[in-house]
Amino acid sequence: MKHLELPIPGDCETHEHCDVCIQDQLRAMPGVVAVKVDAHVLVIDYDQSAFDPSSLLNRQRWGACRLAESLFAASKVETVSRTAALRGWIARNNEIVLIAISGLTLLAGAITYWTGGPNWLRLTLLAISAVASSTRTFPDAVHILKRFRLDVDVLMFAAAIGAASLGHFEEGAFLLFLFGLGSAGEHLALGRARKAIESLTHLAPDTAIRIDAQGNEQTIKADQLAPDDTILIRPFDRVAVDAVILQGESDLDQSSITGESIPVPRARGDEIFSGTLNGEGKLTARVLRPVNESTLARIVKMVEVAQEQKSTTQRFTDRIEIYYVPIVFIVTLLLIVSVPNVTELSWGQSFYNAMAFLTAASPCALAIGTPAAVLCGVAKAARIGVLIKGGAYLEALARVKAVAMDKTGTLTAGKPAVKSIITVEGFSADRALAIAATLEEHANHPLGTAIVAAAAAKKLDLPQASDVSQKSGIGMIGTVDGKIYQVGKINQTDTWPASFIDQRDTLQRDGNTLVALTTDHQPVALFGLIDQPRESAKQAVAALRNAGITQIAMLTGDHRDSANPVAKAVGIDSVYANLLPEQKLDLIDQMTKEYGPVAMIGDGVNDAPALARAEVGIAIGAAGTQVAMETADVVLMGHDLTRLADALQLSHRARRIVIQNLVIALLVIGIVAPLAAMGMTSLGLAVLLHEGSTVVVVLNALRLLR
C-alpha cells in the first residue's frame, strides 16, 4: 500500500472541480483504495502493483491537468526512492552485508585450496573474509585489551590467530566468520525486541490540529503544542498528546496504552492519552502536558530504563564471567605448555587442541542468554499494557506465591453508584434524591458525585438550595423550601424509628455504603451506594489461581460489611478490613512468612507503603498517573486485572527460557570444551557448536515476543 499527499497547484484551471474529478475518475481507477481532498491537499492510497500513476497523463481522460502531472512527477520520485531505499537498507544493515561478503570469500578461498589454486589467491580471499567478519568484534576486542581485561571477543581472536599460526587458515577464517555471523544475528534478532519498544514511539502522530482563539484550524508539529492549547481530533485519528475532552464524545481504542482491547467511551471531562485511536466521534480537547511528558513518552522512557536493569541471574552470570574468562585463558596456556611434556602429542597438535578448547569454553551463549530473555520479556509485557521495571522484577514476579489486593479502585471500579433508597412515610424517593443532589452539587466527593449522577440519570428537576455549606465530618448542609437539610454521615440515631434502624442494618449487611438525608436530626432518607466489582475481577482471580497463586487476600480500609460482598463475588480467599496503612504492612509481612513472596496490588498512591514492602508492588490503572508509575515495580496501565495473570505467566515463561538458555550454554561448555582439550573435537566443530549455541539461546528468547 502506497500513500501520497500532493498539494493542489494554486493556478490549476480545474482546481474548483477537483473534488468532482476525484469522485468520478480517480476512485474508479484500478488499484486506487482511497482518495480525498483535505485542505487543498490531494491524498491517495493505492496498491502499487495495480495502479499506474503514469496513466493519469492520458490527456483524453484528464485534459491539461496540472494535478495529474504533479502526481506523475511524484511517482517518478518514488521510483528513484526505491533505489535510495535499497542503499539505505544496506547502510542500516552493513554488518549483514559484510558477513555475506565474508562467507562468499571464505567459500571461494576454500574452493581455491581444494582445487589446488594459487596460494596467494587463497590467502587473499581468506584475509578478506576475516577482515569483513571482524568489523564489529575486532574494535571491541582492542578496546577491552586497552583496559587490560579479557572477554569473549579477545578469546575468539586469540583462537583464530592461533589457528592461523598453525597454517589452519580456513579454520581460523571460519571461526571469525561464524563469530561475526553470531554477533550480527544476535544484534539483528535482539533488534526485534527493541523495535517492539521503539514501535510505541510511532503510535502518536507527529502532527496535530490546533484551534486558535478565533476558531481557526492549523496543522502543526505535535511537539509545538503547549499545555492548555485546544486541539481537534477527527474521527479515526490517533491522539497526539495527553488531553482532556472539552466537547464531543467517542469510543477510543486505548489498547496501545492499557492493553485493553475493547474501546472505551469518552466524553466531556474525560482524559485521553497520546497514542490512542479515536472512534467515530469528533472531539475538541485541551492539551494537558507537552509531548515529551505524555503518558506514551513516559512509558517508552520507563521501558528503556527497564531494559538496563539487570536481573539477579544476569548479575550472577556477569560476576562469573569476570573470573571465568581469565581462567579459560590460563587453562588454554597450560594446555599449550604442559600437555606436550606429559603426553606424546606434538606442540603443534597440543596448540591446536588448546585453540579448540578456547573456542568451546568461551561463554558467549552464557553471557547473552539471560539478557536476551529479559529484554524480550519486558518488551512483550509493554505490548500488552504491563510495565515491568527491569529484569529483577520480571524474575520476582515468577517467585510470587500470594497476592494481596486493595478493594476500592482495584477490585472495584472506584465509582460508587446509588443502588437503594429508603425514605420515611410521606417522602418519595425521587424527592429525597433531588434534595440530596442539589446539596451535593456543591461538594467534591465520590459519594456525592454518585448521588448527583443518580438524579441526572432520572432527569429529576433539582430544587433551589440556599446557604449551602460543608461541615467537616458530617457532610453538606443547606436550606431547601425553607427547611434545613443535611446529607452525609449517619449521626445521632438514638431518636430514629426502630423500623428505619432495621432497614439501615439490612443495607449495611448487604455491603452498602450509607448516606443519610436528615432534617432536625430526624431521618428523611437513606441512600445505599455500592462500588461494584470490576467486570474483569472474577475472571482475573481465577486466572491468578491458574497461574500458580496459592492465596489471594483483600486488604482494605473499608468496613467488613462493605468488603465481604465484593470478596465473595470475585472469589477472594481472605478479607482484612478496617486497616490503617501500617496494618497493611504487618499483613504483608505475615503473608510472606506464611505463603512466600507476596505481590501487592493497589492504586500506587494511598497503598504506597504496602507496595514498597511487598516482593513486587503492582499499580493498576496507572495510565497518566505519574505517582503510580513511579511508586510500583510493575504497572498495569489499564484497569483490566486479567493482565496481571498474563504478566505472571509471562514471567514464568521468561524464567523457563532463562533456565533453558543456561542449560544449553553450560552443556556446550561442559561437554565440548573437555573433548576439545583431549583432541576429540576439531576446531571447526567446536566453532560450529559454540556459535550455534549462541544463536539458539537468542532465538529461544525471541519466543517470548510471540
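Hydrodynamic radius of segment 98-141 by the Kirkwood approach over all distinct alpha-carbon pairs: 10.5 Å. Taking amide H as placed 1.01 Å from N in the peptide plane, the amide H of Ala413 sits under 5 Å from that of Gln532, Arg534, each at least 5 places away or on another chain.
The modelled label-to-label distance for the pair Glu321/Gln590, using points 7 Å beyond Cα in the direction of Cβ, is 4.5 nm. Treating r as the C-beta distance of Asp45 and Lys282 and R0 as 25 Å, the FRET efficiency rounds to 0.70. Give me the number: length gained by fully extending Gln349 to Ala498, i.e. 0.36 nm times residue separation minus the C-alpha to C-alpha distance, one decimal in nm. Gain on stretching Gln349 to Ala498: 43.4 nm. Taking label positions 7 Å along the Cα-Cβ direction at both Phe427 and Met680, the computed distance is 9.3 nm, reported to one decimal. Separation of the alpha carbons by more than 24 angstrom is noted, of Lys407/Lys538; Lys282/Lys407; Lys301/Lys380; Lys419/Lys489, for Lys282/Lys407. Summarising the label geometry, the points placed 7 Å from Cα in the beta-carbon direction at Phe148 and Ile161 lie 1.8 nm from one another.
From most to least packed by mean Cβ count within 10 Å, the peptides 670-683, 273-286 give 273-286, 670-683. The eigenvalues of the Cα gyration tensor, multiplied by 5 and square-rooted, give segment 648-706 an equivalent ellipsoid with semi-axes of 29, 12, 4 Å from largest to smallest.
Computed over the alpha-carbon pairs of segment 554-615, the distance histogram in 10 Å steps reads 23, 53, 25 percent, short to long.
Per the Debye formula on identical point scatterers at the alpha carbon atoms of segment 348-501, with no solvent, log10 I(q)/I(0) at q = 0.10, 0.12, 0.16, 0.17 Å⁻¹ is -0.63, -0.74, -0.96, -1.04. For Met554, the residues 5 or more places off, or on other chains, whose built amide H falls under 5 Å of its own are Met405, Ser574, Val575, Tyr576. Our compactness index for segment 448-582, the C-alpha radius of gyration over the empirical 2.2 N^0.38 Å, is 1.32. The string of couplings for segment 652-668 from the Karplus curve (6.51, -1.76, 1.60, θ = phi - 60°) is 5, 4, 4, 5, 4, 5, 4, 5, 4, 5, 5, 5, 4, 5, 5, 5, 4 Hz, one whole number per residue in order, with x for Gly and Pro.
Any read-out appearing in this document is the output of simple, stated calculations on the displayed coordinates, not a laboratory observation. Quantities reported herein were computed from a predicted structural model and do not represent experimental measurements. Counting neighbours? That spans all protein chains shown, and the Cβs are built from the backbone with ideal geometry, glycine included.
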